[in-house]
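The values are calculated or read from the model by the stated rules, or taken from the named source; none is laboratory data. Predicted, not measured: the structure shown is a model, and the values here were computed from it. All Cβ positions, glycine included, derive from the backbone under ideal geometry; neighbour counts span all protein chains shown. Surface areas here come from the heavy atoms of the whole protein model, side chains and all, with no ligands, DNA or RNA. Shrake-Rupley method; radii C 1.70, N 1.55, O 1.52, S 1.80 Å.
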Amino acid sequence: MANETGPSGEKYQPSDKTDMVPAAGSVKAGISSHEVNLESREVFQTGTDVLEFRTVSWQRAAIMFCKINFAMSILAIPEAISTVGAVGGSFILIGFTCLNIYTALILGDFRNRHPECHVLADMMSLLWGKIGRELVGVQIIVLQVLITAGGVATTAVGLNALSNHSQCTAVFGLVGAILVTACSSVRTFSNLGWLTWVGMITFTIGVLVFTIAVTQQDRPAAAPPTGDFDLGWGAIAYPGFIVGMISSANIFICTAGSSMFLPVISEMRRPQDYRKACLWAGLIVGTLYLVLSLVIYRYCGRWLSVPAFGSAGPLFKKISYGISLPGLIVGIGIYQHVAAKYAFVRILRDSDHLQKNTFVHWGTWLGVNFALGTAAFIVAEAVPILNYLLGLAGALCAAPFSLIFPCLLWMHDFKGHRSGTLAQKAQYTAHVVIALLGLFMTVGTAYAVAMAIKTAFETGMIARVFDCADNSGSN
């Protein structure tokens, strides 16, 4: 069989497995010889003698992508929009959503041309070798730990609100970390599927209940209880650099989870259906964020809390948290699952233990999940402010993952466009510009978040690590 040629002209070397005839009923049945070549390079193989991972339909993948992106960011975006104004915030949200969907398609297409790539670290190794793989692998772990820490901190706020601060906040944080780790320890994305449906539904209902509640109040819960007050709603706002960068990063990261889609593709029945799942998820999530955040900001103005549920008053704050906490925990569990799956495959790849029910298999899987849950709990107790954790995650990892690295991968596969036709040169230049925007987001947001955290410690907003004080405003 002739070697296949990729977009950049490189030759794909066929495996011995490409000459095999696909078995009826298998994933490989009824596909071309080129597709069989790609199938033979997949991380998870199919067959009767191995643990089956390739069971995720494109519909289930779409719901997972929705849950990955539609999570606790909705509790921080209304406040972010309040700092840049309704019009400015809408443009930022729409712009970043479209950009993140496009780069998600780049990542999925690249992964399907190179199916041996399980996560972004494997992709970057094609550009930077083993050192690049390890550095990006560390970034993957850091990103998931920061986002999981934000979820643990938010769970502690919710449990404080529901119980009127009946326990030390650090204890509630530990409970949140245990629940998230239990969820992330479900071994395959397929088995996580039903939890994802439950999580997406309950979280969406909780957010809708909160949104409807704030539209029915005479005034925001945090506003003065009597007399005239200034709502503080504005179409355009003029924040300083630090506040503006943190707010922009919080808006950006809400749809910047595409790097976490990649392990899901490796467990899809048909990875070729990724584009369909990605586009539907992007449309649904982008619409939810835009509509809900603008409505919340319209009725709460500058009297917003972070997380936002605190803006609905004591009763509806409890109702909203009570409904949405299962969805929040499931969503954060998926984030931790992605990091755990990366480490798990990285450790056991090319060994019989990867797809066998052995002691090493289970010990590695559960041990990795425990380690990540512990790290997230420690970070959550050190910096227990949601928008700072999201901003830090956006600066250090999400901007490179969603803007810089996808463009570098595109330029790697389409390097001929640099000296091609005028249209091809324009395409190449556009990807360079997107990568430079990602670099600005990385450096600018990292500086802004570092200064904000320093100020928070100096002013007592963060009093001490592992603090027992109520962080929900219940008392």
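Here the accessible area is traced with a 1.4 Å probe on the protein chains. For the range 173-272, carbon and sulfur cover 66 percent of it.
Each peptide among 134-140, 117-123 gets the average number of other Cβ atoms lying within 10 Å of its residues, and from highest to lowest they stand as 117-123, 134-140. If R0 is taken as 41 Å, the Cβ-Cβ distance between L231 and V171 corresponds to a FRET efficiency of 0.65. For the residue pairs K318/K454; K67/K276; K130/K341, alpha carbon separations beyond 21 Å are given by K318/K454. When the square roots of the Cα gyration tensor eigenvalues are ordered a ≥ b ≥ c, the ratio a/c for the range 180-249 is 1.5 or more and a/b does not exceed b/c, which makes its shape oblate. For the chain, the Cys residues with no second cysteine's beta carbon closer than 4.7 Å are C66, C98, C117, C183, C254, C278, C300, C397, C407. The magnitude of the dipole of the chain, with charges of +1 and -1 set on the Cβ of Lys/Arg and Asp/Glu and taken from the Cα centre, is near 300 debye. In the list (i) 155; (ii) 143; (iii) 194, the label attached to volume of the Cα convex hull per residue in Å³ as derived from the coordinates here is (ii). The distance separating the Cα centre of the range 109-140 from that of the range 335-373 comes to 18 Å. From most to least packed by mean Cβ count within 10 Å, the peptides 312-321, 61-70 give 61-70, 312-321. Which of rounded, prolate, oblate describes the range 103-179, given a ≥ b ≥ c as roots of the alpha-carbon gyration tensor eigenvalues and a/c under 1.5 marking rounded, otherwise prolate only if a/b is larger than b/c? The shape class here is prolate. The rule of thumb for compact globular proteins, 2.2 N^0.38 Å, goes into the C-alpha radius of gyration of the range 92-242 1.44 times. The mean accessible area for residues of the chain, using a 1.4 Å probe and ignoring ligands and nucleic acids, is 40 Å² per residue. Here the spin labels are modelled as points 7 Å beyond Cα on the Cα-Cβ line, and at I131 and A222 they lie 4.6 nm apart. Here the relative contact order of the chain, from alpha carbon pairs under 8 Å that lie six or more residues apart, stands at 30 percent.
A simple packing score, the average count of other Cβ atoms within 10 Å per residue, orders the peptides 439-446, 416-423 as 439-446, 416-423, with the highest score first.
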